[in-house]
Amino acid sequence: MNDHELYPIGDAARRSGLSVSAVRFYADTGLIEPTGLNEAGHRMYDIHAIARLELVRTLRELDTDLDEIRRLLEGGTTLHDLLTTHLEIVERQERTLRARRAVLRALIKQGGTTVQADLMHKLVSMTDEQREQTIDDFWNDVGEDLEVPEGFVDRLRTMRPVLPADPTAAQLEAWIELADLVSDAVFRDAVRTYLRDAYSAPETRVLATEPFQDFMHVSGAALVEELLAAYRAGESPRSPWAQQAVTRFMEAATALSGTLLTPEVRNRMADGYQQIPDILRQIAEEEATSEGPGYDDTHGRYLSLVALINGTATEENHDCIPYAWIADAMRAAPRQPGGNTGPVSRARR
């Protein structure tokens, strides 16, 4: 093939991947005119015309409108701009298909009806503002006259789903489930009941106060992570690193109640951590037999779905937390001759 050779319409069609009728149609509409005619009056095409025919075929496979193709060929637009526009179209179509797939999966899983299908389509097509309002309505209802410390519901409200611009099927499925749950009056009542039972009693109200919440979710979480880093590094609970980390954690924890970190307090905290696995098992057993709403089915389910939607979900396994190691690190070291307390004293110098 060279720049000057001319090819009959059949060859032009074969080389461009089009049918003869399509090449003839593009010629008749003036989109790609033949380079010339042979002595018999048949249409002939050079390599430049064939290249344009191949471009037209590619753009038509992308569902490009003929008028857009004409503007491109006549210099009214650039190939880059045209392809960029169509990339946006294809990406929108991809997001739509992903949303439809999520709806279909959810319907198959739930054995859904036509009414449910319509609802799910509405859920995945919500605007950001509509999603925000859905979550606000949920917390407004749950928090109304709920007898918990001031500001606690506002803190819970901040833990909300943010569906990304290009969500995965799993994120869409999680959003469908969450939106369905928070709109359900039964689920709202269950979350409300759980929060009331868990945080309104005098002995548990302190856990919902702002200082304790900040400690559990911000400052204390960072201190615990520092302590766990020592454990993961294979440190002994009595090593200087572990002792420095656990002492910082315990001092911050006791400061919440204005308590001094004495050896007696250290040992009480250590005893408490030693008992946590048994307490967790007892709670799980009680929730399994309780008729009231439990954490996993109420607020815990809300948080797990939010984490899935936001892409922050982690495997939370209490069995992986080294409670015995932490308890050992917390215990006050036996007093040494001269008044020192061994590793603890040295760790704080």
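The values are calculated or read from the model by the stated rules, or taken from the named source; none is laboratory data. Only a predicted model underlies this, so the values are computations on that prediction, with no experimental measurement involved. Positions of Cβ are backbone-derived with ideal geometry, glycine not excepted, and every protein chain shown enters the neighbour counts. Heads up: the accessible areas ignore ligands, DNA and RNA and are worked out on the full protein's heavy atoms, side chains in. Shrake-Rupley method; radii C 1.70, N 1.55, O 1.52, S 1.80 Å.
At-a-glance table
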item	result
Lone qualifier among GLY258, GLY272 - being more than 14 Å from ASP328 (Cα to Cα) and either at pLDDT below 90 or not basic (Lys, Arg) (or both)	GLY258
Any chance ALA245 is within 33 Å of the chain's Cα centre (by Cα), modelled with pLDDT under 75 and surrounded by 17 or more Cβ atoms within 10 Å (Cβ to Cβ)	no
Candidates ASP319, ASP278, ASP328, ASP296, filtered to the one that is surrounded by fewer than 15 Cβ atoms within 10 Å (Cβ to Cβ), modelled with pLDDT of 75 or more and not in a loop (DSSP other than H, G, I, E, B)	ASP278
Spans of helices (runs of 4 or more DSSP H) in the stretch 167-242 with at least 1 residues modelled with pLDDT of 90 or more and either over 30 Å from ARG98 (Cβ atoms) or open to solvent by 60 Å² or more (accessible area, probe 1.4 Å) (or both)	185-199, 220-232
Residue match in the stretch 4-12 (condition: part of a loop (DSSP other than H, G, I, E, B), in contact (Cβ under 8 Å) with a residue 24 or more places away in the chain and surrounded by 14 or more Cβ atoms within 10 Å (Cβ to Cβ))	yes
Qualifying residue in the stretch 299-310 (condition: open to solvent by 30 Å² or more (accessible area, probe 1.4 Å) and modelled with pLDDT under 85)	no
